[in-house]
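The values are calculated or read from the model by the stated rules, or taken from the named source; none is laboratory data. Because the structure is predicted, anything quoted here is derived from the model rather than measured. As a convention, Cβ positions derive from the backbone with ideal geometry for all residues, glycine included, and neighbour counts pool all protein chains shown. The protein model used for the area step is the full one, side chains on, heavy atoms only, and it has no ligands, DNA or RNA in it. Shrake-Rupley method; radii C 1.70, N 1.55, O 1.52, S 1.80 Å.
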Amino acid sequence: QVQLVESGGGLVQAGGSLRLSCAASERTFSTYAMGWFRQAPGKERKFVGGISRIGITRYGDSVKGRFTISRDNAKNTVYLQMNSLKPEDTAVYYCASADTVVRIMSLNSDHWGQGTQVTVSS
């Protein structure tokens, strides 16, 4: 069972930056596609970004050009660098794993973290 633990959330002013991390317990981390999602209160969970086993990335339209997903297989960790943050980015951010990015993007992940809160003040 893969365990995913997010960290790095917090309160930031609009225009600021945060970097989220997601550490995986699984030694075969490098064989998984990884993704980030977010869910605001009263709204459905949405895809933010995904990265394949070989580093190919995909992003949701609302974060393109502002957010960057990356991974460090040696550390079993995936990152989400968030720049130019906006109040509408406020949400709980979750990481997830699956065998392909296609499944990640369709919210069909196998494992999920517990989430980390990101709040962007105006």
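Charge tally around residue 2: other residues with Cβ under 11 Å, Lys/Arg +1 each, Asp/Glu -1 each, net -1. For the chain, carbon and sulfur atoms together expose 47% of the accessible surface, with a 1.4 angstrom probe and every protein chain in place. The Cβ shell under 11 Å around residue 107 holds other residues with a net charge of +2, Lys and Arg each +1, Asp and Glu each -1.
Note that the chain presents 51 Å² accessible area per residue, ligands and nucleic acids not counted, probe 1.4 Å.
What the Cβ-Cβ distance of residue 43 and residue 73 gives, at R0 = 35 Å and to the nearest 0.05, is a FRET efficiency of 0.60.
The equivalent ellipsoid of the range 75-122 has semi-axes of 23, 12, 11 Å, largest first, where each one is the square root of 5 times an eigenvalue of the Cα gyration tensor. Of all DSSP bridge pairs formed entirely within the chain, close to 90 percent run antiparallel. Please compute, over every Cα-Cα pair in the range 12-60, the percentage with a separation greater than 12 angstrom. Summing the P(r) tail past 12 Å for the range 12-60 gives 73 percent.
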